[in-house]
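None of the figures in this text is laboratory data; all of them are computed from the coordinates on show. Note that the structure is a prediction, hence the values are computed from the model and not measured. Every residue, glycine as well, gets a Cβ built from its backbone with ideal geometry; the counts of neighbours run over all protein chains shown.
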Amino acid sequence: MVDTETFVPDAVAEIEDEIGDANAVIALSGGVDSSTAAALAYEAIGTQLTAVYVDTGLMRKGETDEIRETFDYMDSLRIVEAQDRFLEALEGVTDPEEKRHIIGEQFIREFETVAKEVDADYLVQGTIYPDRIESEGTIKSHHNVGGLPEVVDFEGIVEPMRDLYKDEVREVARALDLEEVVSERMPFPGPGLAVRIIGEITEEKLEVAREANHVVEEELEEYEPWQALAAVIGKATGVKGDNRVHGWVVSVRSVESRDGMTARAQEIDWDTLQRIQSRITGSHENVARVVYDVTHKPPATIEYE
Ligand code: XMP
């Protein structure tokens, strides 16, 4: 376990030391890692740091507002409204790797624009220890902001949490008084809801996925899952009112894990599952069915794409 009383001042001093009087940027994703790194860096260099949050339109329900509130104290927070550009770039794309690639590219483009504008020489990243291990042997291309250093020409990259595990990052987040919605938040993939929608990403599927993920996070909180999620996996027949509909199938998944490398599907009681089913089918006229995924990792991955 990390001793936050020494870790926080040491990390702040290291950041100050490395960056000096220069400007730096960090990409905020809404997750605990980048949020904690941003809070540390802001403490070190204040408004020399620009925190960039790109709203891709693939975020969780309410996430952009939470970011705005949590980082309200940072004068140099930039929220980039890029939803339309992401949706347009993803139109008609069904291949999972191509989707990831497009999202990664578009993200870099948005981020680079701000980095140039503010004349940033340094990139701060919330990379943690398991990220470094996993990127040595990737199973699928992980868009974090992993591609940024190669594309944008920075003088240096600062990774204050490179030796920490996730639970240690949460401790640091708590020590920094970050809001609980941030410090206790489940991991969320960089490409966002895109990896929880099989096939083309449309506004309707996004609406269904966003609401369903919200329901699942709320209902399964007490199970303390590593991740709980919902994915739009296809279409099937259902009956709504007096009509047959060919509607969306939403798969619900909740797993326990230590580091995301392997995972166990959680056993959830029937009443909770039924409540989830009822809330999700009721959330949108075109949801026909809700299923629960009982597969461990391996053989399944945690996400659907
Ligand atoms: P899988 O689906 O590979 O996920 O079992 C393992 C962990 O990684 C997260 N994940 C991603 N994170 N970019 C990310 O930043 C991605 O493309 C991505 N794909 C999966 C996933 O949510 C889980 O925590």
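The mean sequence distance of close C-alpha pairs (under 8 Å, at least 6 residues apart), as a share of the length of segment 210-305, puts its relative contact order at 30 percent.
For segment 59-131, the Kirkwood hydrodynamic radius from C-alpha pairs, put into Stokes-Einstein at 10 °C and a viscosity of 1.306 mPa s, yields a diffusion coefficient of 108 µm² per second. Charging the Cβ of each Asp and Glu at -1 and of each Lys and Arg at +1, and nothing else, the dipole of the chain about its Cα centre rounds to 1700 debye.
Any chance you could count the Lys pairs in the chain whose alpha carbons are under 20 Å apart, treating pairs 8 or more apart or on different chains as valid? So the count works out to 7. Phi angles of segment 20-27 translate, via the Karplus equation with coefficients 6.51, -1.76, 1.60 and θ = phi - 60°, into HN-Hα couplings of x, 8, 6, 9, 9, 10, 9, 8 Hz per residue; Gly and Pro are given as x. When all alpha carbon pairs of the chain are counted in 20 Å bins from zero, the resulting P(r) reads 32, 57, 10, 0 %. Within segment 4-183, DSSP assigns beta bridges of which about 0% are antiparallel (rounded to the nearest 5). For segment 197-292, what log10 I(q)/I(0) values come out of the Debye formula at q = 0.17, 0.24 1/Å, with one point per alpha carbon and no solvent? So the normalised log intensities work out to -0.72, -1.23.
Both radii come from the Cα set of segment 1-87: Rg as radius of gyration, Rh as Kirkwood radius; their ratio Rg/Rh reads 1.02. A viscosity of 0.890 mPa s and a temperature of 25 °C, combined with the Kirkwood radius over Cα pairs in Stokes-Einstein, give a translational diffusion coefficient for segment 4-183 of 147 µm²/s.
Ordered from longest to shortest, the equivalent ellipsoid semi-axes for segment 44-84 are 21, 12, 6 Å, each the square root of 5 times a Cα gyration tensor eigenvalue.
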